[in-house]
Amino acid sequence: YGDFYSTYEKRDNQNMKFSVAQHVIDYLWELWATFPFHSQKHELVVGFYGGEPLINILTIRRIVDYIESKPEIPNLVLKYNMTTNAVLLDKNMDYLVEKDFKLLISLDGDKYAHSYRVDFTGTNSYDKVIHNVELLQNTYPDYFNKSVSFNPVLHDRNHVRGIGSFTKDKSDKIGLIS
């Protein structure tokens, strides 16, 4: 969210508390238990984004565990997605694959094109991101092909053709340019 949304609340760089997620999940489960889905399947997609969600992986795991501990609701299909910079992907990829997260990875192109994306020390995160993306691709090729996409941001250090050829060469995928 940002200032352009009427529901904007100042975030102060805080992670979402588990209690907030728990409250929303309980509300939805009560609603769906009262008015079940009789005629067709409905998907609940729980998305994690904003800042870097993998920094808060313990809360994410707790939220997913809590959702999966809730009573089953007929015709409700649970899915998870995440937008990540992939810096911590190597430490968390087994879990993300196990839970079949759809991943949208922020990667702006080659090392120069990616140079606005820096780690906490101010260093370009490209080498770490590429290493982690290749590790995921080599370790879980079927998952990578089915569940991973890229979200490069167009700016003054890259261009559409360069982004397209980079993601195609590296992953045989076309990035969704923002």
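The values are calculated or read from the model by the stated rules, or taken from the named source; none is laboratory data. Just so it is clear, the structure is predicted and the values come from calculations on it, not from any experiment. Counting neighbours? That spans all protein chains shown, and the Cβs are built from the backbone with ideal geometry, glycine included. What goes into the accessible areas is simple: the full protein's heavy atoms, side chains included, and nothing from ligands, DNA or RNA. Shrake-Rupley method; radii C 1.70, N 1.55, O 1.52, S 1.80 Å.
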Given the conditions (1) under 24 Å from Asp119 (Cβ atoms); (2) of a type in the set (S, T, N, Q); (3) open to solvent by 50 Å² or more (accessible area, probe 1.4 Å), every one holds for Thr83 apart from (3)
In this structure, does Asp108 turn out to be open to solvent by 50 Å² or more (accessible area, probe 1.4 Å), in a loop (DSSP other than H, G, I, E, B), within 22 Å of Lys173 (Cα to Cα) and charged (D, E, K, R)? no
Can you tell me which residue is nearest to Val129 (Cα to Cα) among those in the range 31-89 that are in contact (Cβ under 8 Å) with a residue 40 or more places away in the chain and charged (D, E, K, R)? Arg62
Whether any residue in the range 36-52 is at pLDDT 85 or above and open to solvent by 90 Å² or more (accessible area, probe 1.4 Å) is what I want to check. yes
Name the residue, out of Ile73, Ile67, Ile25, Ile60, that is assigned to a helix (DSSP H, G or I), at pLDDT below 95 and surrounded by 15 or more Cβ atoms within 10 Å (Cβ to Cβ). Ile25
List the pairs whose first member sits in the range 125-154 and is within 14 Å of Leu176 (Cβ to Cβ) and free of Cβ contacts under 8 Å to residues at least 60 places away in the same chain, whose second member is open to solvent by 50 Å² or more (accessible area, probe 1.4 Å) and in a helix (DSSP H, G or I), and whose Cβ atoms are under 9 Å apart, counting only residues at least 6 apart or on separate chains? Phe150/Lys170; Leu154/Val160
Scan (1) polar (S, T, N, Q); (2) modelled with pLDDT under 90; (3) within 27 Å of Gly175 (Cβ to Cβ) for the single condition Asn85 breaks and write down its number. (2)
Residue under question is Lys102, and the condition is that it be in contact with a strand residue (DSSP E or B) (Cβ under 6 Å, 6 or more places away or on another chain), among the basic types (Lys, Arg) and open to solvent by 40 Å² or more (accessible area, probe 1.4 Å); does it hold? yes
Which one is most open to solvent (accessible area, probe 1.4 Å) among residues in the range 119-175 that are within 21 Å of Asn81 (Cα to Cα) and of a type in the set (Val, Ile, Thr)? Ile174
Answer yes if at least one residue in the range 88-100 is at pLDDT 95 or above, touching a Leu at 6+ places or on another chain (Cβ under 8 Å) and part of a loop (DSSP other than H, G, I, E, B), and no otherwise. yes
